[in-house]
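Below you'll find the structure, written out as structure tokens, and then a few comments.
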Amino acid sequence: MKHSKRFDDDCLYIIQIINPYTNDDYILRNSINEIVAFEDRFDAIDYAKRHVRRIFYTEYYRIYIEPMWVIEGLSKSLSIIRKVKNKE
């Protein structure tokens, strides 16, 4: 029996940070200017919550799911954060 591929098997989640006061937005990158992408949506949400400046609500974030080839087309530098399994 063949396992069929799901749409999101070849997709990654990226974080867009938005400042509504200045109308600026950017895709979250790490310290060496790589786009930070996630295999798991909930890992992306947790990461975004830690990196968004929430003081005075100056920023908020959106999580996007994109095919891997689209993200690779945005930048040659990509850091993929693999899903972390819960230790139980």
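The values are calculated or read from the model by the stated rules, or taken from the named source; none is laboratory data. Just so it is clear, the structure is predicted and the values come from calculations on it, not from any experiment. So basically every Cβ, Gly included, is an ideal-geometry build from the backbone, and we count neighbours across all protein chains shown. Areas reflect the complete protein model, heavy atoms only, side chains present, ligands, DNA and RNA absent. Shrake-Rupley method; radii C 1.70, N 1.55, O 1.52, S 1.80 Å.
Screening I63 on (1) at pLDDT 90 or above; (2) aliphatic (A, V, I, L, M); (3) open to solvent by less than 30 Å² (accessible area, probe 1.4 Å) shows it passes everything except condition (3). Looking only at the stretch 31-56, which residues are in a loop (DSSP other than H, G, I, E, B) and modelled with pLDDT of 85 or more? Passing the criteria: S31, I32, N33, E34, E39, D40.
For the stretch 68-82, enumerate the residues that are of a type outside the set (G, A, S) and over 12 Å from the mean Cα position of the chain (by Cα).
Going residue by residue through the stretch 68-82, those that are of a type outside the set (G, A, S) are 68-72, 74, 76, 78, 80-82.
Residues satisfying the conditions are W69, V70, E72, L74, K76.
Select from the stretch 43-60 the residues that are aliphatic (A, V, I, L, M) and surrounded by 14 or more Cβ atoms within 10 Å (Cβ to Cβ) and list them in ascending order.
Within the stretch 43-60, A44, I45, A48, V52 qualify.
Could you list, in sequence order, the residues of the stretch 16-42 that are out of contact with any Leu (no Cβ under 9 Å at 6 or more places or on another chain), small (G, A, S) and surrounded by 15 or more Cβ atoms within 10 Å (Cβ to Cβ)?
Once the filter is applied, which keeps residues that are out of contact with any Leu (no Cβ under 9 Å at 6 or more places or on another chain), small (G, A, S) and surrounded by 15 or more Cβ atoms within 10 Å (Cβ to Cβ), the stretch 16-42 yields nothing.
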